[in-house]
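Trainee: Right, I'll just put the structure down here and ask away after.
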Amino acid sequence: MLKEFKKFALRGNVVEFAIGVVIAGAFGAIINSLVNDIIMPPIGLLLGGVDFNNLMWVISTGTPPPPYATPADAAAAGAVTINYGHFINTIITFIIVAFVVFLLIKAMNRMNEMGKQPEPAAEPTTKVCPFCATEIPIKAQRCPHCTSTL
């Protein structure tokens, strides 16, 4: 059983999958940083200095009462909030990741197409009878429709 597990764990597909998961985790951290640190601050500035991470809707107040500057301040006060700003950041992160994956797959498909040779045209398997214009097998010596000798 140990040999069987070793054979399974060291197969190419499993190792490639593990590498993909590790790289995806690192890629996700990079994209989160890109969205939170580079993309959202200028957008927030254009919208009047809004910090999307701090956008929240207070459902239940805590002690001390609102206003709360950040969701962390609200949580520390015992308030219940819906943090829709964080949700907006997550949606933008997803869109960026999906677009980058789309571009990668598109590039891979293009590279695969460049490496393929065009398939040769298949030889014809039928011909047209010169007497009745019916399509017949190419090896036919007599037309089955008009019985003409070919």
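Each value in this text was obtained by applying a stated rule to the coordinates, not by laboratory testing. Predicted model, so just to flag it, every value in this text is computed and none were measured. Please note: Cβ atoms are built from the backbone with ideal geometry, for glycine as well, and neighbour counts cover all protein chains shown.
Trainee: Picking from Pro66, Pro42, Pro120, which is most flexible by a Gaussian network model of the chain using Cα springs under 10 Å?
Mentor: Looking only at Pro66, Pro42, Pro120, the largest GNM fluctuation is found for Pro120.
Trainee: Another question about this same structure. Based on the Cβ-Cβ distance of Ala18 and Phe99, what FRET efficiency does E = 1/(1 + (r/R0)^6) give at R0 = 22 Å, to the nearest 0.05?
Mentor: 0.30
Trainee: Moving on. Among Thr90, Pro137, Ala77, whose Cα lies farthest out toward the positive end of the dipole of the chain, if unit charges sit on the beta carbon of Lys, Arg (+1) and Asp, Glu (-1)?
Mentor: It is Pro137.
Trainee: Please identify which residues in the range 93-135 have an amide N closer than 18 Å to a label point set 7 Å out from the Cα of Gln141, following the Cα→Cβ vector.
Mentor: Within reach of a label on Gln141: 127, 129-130.
Trainee: Same structure, new question: Dividing the convex hull volume of the Cα atoms of the range 76-143 by its residue count, what figure in Å³ per residue is obtained?
Mentor: Values: hull volume 14.3 nm³, N = 68.
Given the Cα convex hull of the range 76-143, per-residue volume reads 210 Å³.
Trainee: Please check: in the Gaussian network model of the chain (C-alpha springs, under 10 Å), which one of Val128, Val50, Val14 has the largest mean-square fluctuation.
Mentor: Val128
Trainee: Let me ask another. Lys/Arg Cβ at +1, Asp/Glu Cβ at -1, dipole of the range 1-74 taken about the Cα centre: which of Ile59, Ile38, Ile19 is farthest positive-ward?
Mentor: Farthest towards the positive end: Ile19.
Trainee: With r defined as the distance between the Cβ atoms of Val80 and Phe27 and R0 fixed at 30 Å, what FRET efficiency is calculated, to the nearest 0.05? The partial results should precede the final answer.
Mentor: Working: r = 33 Å, r/R0 = 1.12.
FRET efficiency, Val80 to Phe27: 0.35.
Trainee: Moving on to the next point. Which label belongs to the value computed from this structure, given these candidates for Cα extents along the principal axes in Å: (i) 92, 30, 20; (ii) 39, 32, 28; (iii) 103, 52, 30?
Mentor: Evaluating Cα extents along the principal axes in Å on these atoms matches (iii).
Trainee: Let me ask another. Given Cα pairs under 8 Å that are at least 6 residues apart, what percent is the relative contact order of the chain? Intermediate results must be reported in sequence, preceding the final value.
Mentor: Details: 114 pairs, mean separation 20.6, N = 150.
After rounding, I find 14 percent.
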